[in-house]
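The next block holds one structure in the form of structure tokens; read it before the comments.
The values are calculated or read from the model by the stated rules, or taken from the named source; none is laboratory data. Owing to the predicted nature of the structure, the values given are computational and were not obtained by experimental measurement. Every residue, glycine as well, gets a Cβ built from its backbone with ideal geometry; the counts of neighbours run over all protein chains shown.
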Amino acid sequence: MFDQLSRKMTARSATMLIALDNRLDRILKYWLLGAGLICAARISFTPGPVPGAALSTFVSYMLLVVAPFASTMLALYWFRNGHRHAQPEFRLARVGKWHNLSQSEAERHPLYGPSGILVSLLVGMMLNVPVRQRNISRRCRRSPTARRPGCNRFTSR
């Protein structure tokens, strides 16, 4: 029973990984467009101009929109040939029963490669920014006289 569930989840994660990999350019474009429009709407509906807050507001929202895009592009560039990188001379795994494997032996192992937990981690990171921004925005909604740590009184409603 567990083996059948394991095979099913492995196939599902492999399918999701292929879909993410094939549609990453589209996902990143929609992220820039959607997050940019949402942030522009948020800035435009801020009540009244506050002197000196315009630049800091713009920069913080630009970082919110551009940081996931930039980090994804940098990761794709830095690890484009990750499977061909040389193995480290000094191993960090000193505890346990470890043995050396060739590249071909490692690739034949069923747990080799990006699947399962890595796909879950990737999807979780993609969802983290909008969910955390929503949580922070909800927390910062308050009366004009209240002060909460972490809330910018110029940009929150």
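Any chance you could count how many residues in the stretch 61-77 are under 13 Å from residue 28 (Cα atoms) and among the aromatic types (Phe, Trp, Tyr)? So the answer is 1. The condition of being within 18 Å of residue 132 (Cα to Cα) and touching a residue at least 24 places away in the same chain (Cβ under 8 Å) holds for only one of 24, 37, 20, 32, that being 32. Candidates 87, 4: the one that is closer than 27 Å to residue 113 by Cα, over 16 Å from the mean Cα position of the chain (by Cα) and either at pLDDT 85 or above or assigned to a helix (DSSP H, G or I) (or both) is 4. Consider the stretch 53-62 and keep the residues that are surrounded by 11 or more Cβ atoms within 10 Å (Cβ to Cβ) and aliphatic (A, V, I, L, M). The one that is modelled with the highest pLDDT is 62.
Name every residue in the stretch 19-45 that is surrounded by 13 or more Cβ atoms within 10 Å (Cβ to Cβ), of a type outside the set (A, V, I, L, M, F, W, C) and farther than 13 Å from residue 66 by Cα, in order of residue number. 42 - this is the single residue of the stretch 19-45 that is surrounded by 13 or more Cβ atoms within 10 Å (Cβ to Cβ), of a type outside the set (A, V, I, L, M, F, W, C) and farther than 13 Å from residue 66 by Cα.
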